[in-house]
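Report on the structure given below.
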Amino acid sequence: MSGKKSNLQTEVTISKSEFKASVVKHLHCTLGTDENKANNHAWWKATCAAMQEQVLEGLRKTQKTHYLNDTRAVHYFSAEFLMGRLLSNNLQNFGLFDVANDALNELGVSLSDVLEEEPDMALGNGGLGRLAACFIDSLATMDLPAIGYGIHYEHGLFRQEIQGGAQIERPDSWRDYGNPWEICRPESIQEVSLYGYVETKYGENGRIQKEWHPGHIVKGVPWDIPVVGYGGKNVNVLRLWQSKSSGYFNWDVFNAGGYVDAQVENVQAETISKVLYPNDETEAGKELRLIQQYFFCACSLKDIIRRYKRAHGDDWSRFTDQVVIQLNDTHPAIAIPELMRILVDRAELDWDSAWAICTKVFAYTNHTLLPEALEKWPARMIEKILPRHLEIIYEINHRFMKEVDKKWPGDNEVKAKLSIIEEGNEKMVRMGNLSVIGSFAVNGVAEIHSKLVKQNLFPEFDALWPGKLTNVTNGITPRRWLKACNPSLSKLIDKKVGADWPLDLKQLEGLAKYADNKTFQKQFMQVKQQNKEVLAAEIKRSLDLDVDTNAIFDVQIKRLHEYKRQHLALLHIMALYRRLLENPDYDMHPRVFIFGAKAAPGYKLAKDIIFAINKVAEKINNDARVNNKLKVAFLPNYRVSLAEKMIPAADVSEQISTAGKEASGTGNMKLALNGAITVGTLDGANIEIAEEVGDDNIFIFGLTVDEVNALKKSGYKPYDYYYKNAEIKAVLDWMETDYFTPGKPGALSSIKQSLLDHGDQYLVLADYEAYSEAQKRVDEAYRDKERWARMAIINTAKMGKFTSDRSIQDYVERVWKLKSCPVNKA
Ligand code: Z15
């Protein structure tokens, strides 16, 4: 990034006493309470309201600036935005954190307690949703005209409880007591059609006209969440759509005495934005999910077109200059046929002109190669819900097949592969193919992933349109993931390299020269120690478990998925336990393995792995023979706000996916930025992290992508590893006893079965020995305090590449062609 603003140069200057007065005013006038009666929740709301005054002033100025400059803008379409909490972030970005802290202090209130009152805005599952949140933070920070479009879910990702070791899902009701940040915009309500049929009409000039007669109409109500850029000058918006009944009232049904039935239609309309689907990387193919996708895309496109027409009327010629739409995975891919429908059926453009517009507007990000995550919808389902869209999809495909035939004449195999339609028992619409065909740019999210997208997923598309497939390596916002979550480390960094690193993360490189400095090493590790003590207190509070902060804090935090291999870590933990039981003098530095993970509610084996981790933890944590060396803590309800507490305290970062399966990973970046050392495979962004920190400052192990492929090709036999490696055998057999589940032998055996009888798809056993050996290297390195401190410092110093500002700059230059538009004064 070129812009080198100092973080002192913020737009807003409000004094402590003014802030105090504002909080008290809101306590009285917004919340109807007073300083004596108010609880922390009321203080939280009043503090948000005080902050929101500043935020909305920034929003107004930003929107005016964008309007007056008629700026080109990016529209980030995403079914998920995993925002987490906003108060601390907004205070930080406005440079008002200390002001608020002091102001509340004088009112006898603790800001950190107040911050804990805020429910996480968990409108996302994991990496993909959090990436969207980091990206809109960077867009706002970099003064880029941008709007996030998504769904205003009434219930975000479920709250996880652990009962008897097992995951229980509870509804997340983040808005039950109100959301102080969101603004309803009834003036921008949109209507969305569903179901019905298509009428074919013949115009005077012989032109065929299609008219969709919908069966249902639902309303989309927009809620705006201000997105405050660092420095507080630029405030963008995240616009989330809530579904409502359109108010269309079926009087016929009512007159027939069906008042209740008529109301049922309302209930159905309001179901659309009720709940976030909790599956990360598996497509369930549910009708409601497709309706959710179409609902938010249709609302958002209407919104974009309304704004465009306000400036340009019916002249479509400048549309592609003003509008670019980034599709966050294929979830919003239905926007492509929807824009075609608007242009062809409504604006009455000819097909070719409409297609030319479409293919200059959309760009698509692919986030996975996992076949179960690649969306396919039954053609029959699309036909029922969106009959006109299915026709349009067929027309897009028909014309595309002609193009394919020009390139590969008569090659039916390549046609079958590239077709949007998958033929078979049930015709399916492949949303990935539709996205590639309808976009002008397609990107993967890390170098290796983008390479595999080109080589394995879409090789023919790459041959057909050279240069269309590209890479933009993911990033994370250093404002939330270092400055706000790790204030002690941030202050230490400020002293060494100045305070501008949150806007220019490459400046962290300036820390490298202190990597061997004993004093700095001490300071750096002292901060880590303090953060570990804070997390230890949280572990005590949450699990009633005592952990030794001199132990290595070994952290694996991510969605529970077999490809991420939490069970590889579990086998190794069991092996350490076994080594300690067999030899009480087994030489290892004390270690606490700390997990956070949610499993999709319908993903049986993932839930079994959570259960197994908890059962093994229970046994180990209560076994005095090994307690001075080994503990396991599974922290329930992993979420953004918990990540903010875990990441600053981590010594070791577990990034152990099967090579080729993790598209990028972003937790890997957050942990390394906070001085944790990665134990990782050569997968996703781990490879680029290794390039940045150097081989001495990371623990790489395991099979590479090529080795994985070769092993699978030669016929992988997990039983070979079971019989060859006594430790693997002992540990897997242990799972079948009732040692960890007294009275219930076999309660953990589904894991063993998946690894042996079901073929161990993710090569856990093949990588076990290398992993165990890498963990010995970790142990040895940690005992050398200076070596470890040096490694940790280098990790923080070399993370500059992974700021989401760099990712966004890549998108701006290579995809969006956007110009920044700083907000005018006054
Ligand atoms: C998701 O969180 C990711 C990919 C998906 O296809 C879906 Cl549906 C959800 C993740 C990737 O697994 C992760 O490697 C990547 O860092 C993240 O998206 C952001 O790109």
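The values are calculated or read from the model by the stated rules, or taken from the named source; none is laboratory data. Model, not experiment: these values are computed from the prediction. Every residue, glycine among them, receives a Cβ derived from its backbone with ideal geometry; neighbour counts consider all protein chains shown.
Quick notes on this structure:
- Boolean, F520 is of a type in the set (F, W, Y), part of a helix (DSSP H, G or I), touching a Lys or Arg at 6+ places or on another chain (Cβ under 9 Å) and more than 24 Å from G596 (Cβ to Cβ): yes
- Among the residues of the range 812-826, those that are farther than 14 Å from A140 by Cα and in a helix (DSSP H, G or I) comprise E813, R814, V815, W816.
- Tabulated pairs, the range 110-139, first closer than 25 Å to H561 by Cβ, second in a helix (DSSP H, G or I) and within 16 Å of the ligand (Cβ to nearest atom), C-beta under 6 angstrom, 6+ apart or interchain: D120/V640; C134/S804; F135/S804
- Residues of the range 366-398 satisfying the condition of being within 14 Å of P337 (Cα to Cα) and in a loop (DSSP other than H, G, I, E, B): L386
- Beta carbons closer than 9 Å, at least 6 apart along the sequence or on distinct chains, pair a first residue in the range 79-91 that is of a type in the set (K, R) with a second that is within 16 Å of the ligand (Cβ to nearest atom) for R85/V640.
- Residue, nearest to D706 (Cα to Cα), within the range 444-469, restricted to residues that are out of contact with any Asp or Glu (no Cβ under 9 Å at 6 or more places or on another chain) and among the polar types (S, T, N, Q): N456
- For K406, the criteria (1) part of a helix (DSSP H, G or I); (2) on the phi > 0 side of the Ramachandran plot hold in every case but one, which is (2).
- The numbered conditions (1) small (G, A, S); (2) under 27 Å from the mean Cα position of the chain (by Cα); (3) buried (at least 20 other Cβ atoms within 10 Å of the Cβ) are all true for S542 except (3).
- Positions within the range 687-718 being surrounded by 17 or more Cβ atoms within 10 Å (Cβ to Cβ) and charged (D, E, K, R), in sequence order: E688, E692
- Taking the conditions (1) modelled with pLDDT under 95; (2) under 30 Å from K558 (Cβ atoms) in turn, L240 satisfies each one other than (1).
- Number of the condition not met by D805 [criteria: (1) in contact with a His (Cβ under 9 Å, 6 or more places away or on another chain); (2) at pLDDT 95 or above]: (1)
- Failed condition for S450, given (1) out of contact with any helix residue (DSSP H, G or I) (no Cβ under 9 Å at 6 or more places or on another chain); (2) without any contact (Cβ under 8 Å) to a residue 24 or more places away in the chain; (3) surrounded by fewer than 19 Cβ atoms within 10 Å (Cβ to Cβ); (4) not β-branched (V, I, T): (3)
- Contact map, the range 653-665: residues that are assigned by TED's automatic domain parsing to the domain that holds G596 and without any contact (Cβ under 8 Å) to a residue 60 or more places away in the chain paired with residues that are of a type in the set (D, E) and away from the ligand (no atom under 11 Å from the Cβ), Cβ distance under 9 Å, separation 6+ or inter-chain. Pairs shown: A659/D706; A659/E707; A659/D767.
- If the condition is being farther than 22 Å from K785 by Cα and either assigned to a strand (DSSP E or B) or within 16 Å of the ligand (Cβ to nearest atom) (or both), then the range 675-696 contributes T681, L682, D683, G684, A685, N686, I687, E688, I689.
- Residue count, the range 425-447 (criterion: crowded, with 24+ Cβ neighbours inside 10 Å, away from the ligand (no atom under 16 Å from the Cβ) and part of a strand (DSSP E or B)): 1
- Scanning the range 348-395 for residues that are surrounded by fewer than 17 Cβ atoms within 10 Å (Cβ to Cβ) and either within 15 Å of the ligand (Cβ to nearest atom) or more than 21 Å from S439 (Cα to Cα) (or both) turns up E348, L370, P371, E372, P378, R380, K384.
- Considering only residues in the range 652-674 that are in a loop (DSSP other than H, G, I, E, B), of a type in the set (A, V, I, L, M) and away from the ligand (no atom under 11 Å from the Cβ), the one that is surrounded by the most Cβ atoms within 10 Å (Cβ to Cβ) turns out to be I656.
- Inspection of the range 333-347 finds a residue satisfying the criterion of being closer than 30 Å to T658 by Cβ and either outside the structural domain of G444 (by TED's automatic domain parsing) or crowded, with 18+ Cβ neighbours inside 10 Å (or both).
- Here P180 fits the description: in contact with a Cys (Cβ under 6 Å, 6 or more places away or on another chain), more than 16 Å from the ligand (Cβ to nearest atom) and at pLDDT 95 or above.
- Residue list for the range 293-323, filter: within 21 Å of the chain's Cα centre (by Cα) and either within 20 Å of K210 (Cα to Cα) or not in a helix (DSSP H, G or I) (or both): Y294
- Test for Y277: is it modelled with pLDDT of 95 or more, within 16 Å of the ligand (Cβ to nearest atom), in the same structural domain as P371 (by TED's automatic domain parsing) and among the aromatic types (F, W, Y): yes
- If the condition is being of a type in the set (K, R) and under 16 Å from V705 (Cα atoms), then the range 661-683 contributes only K661.
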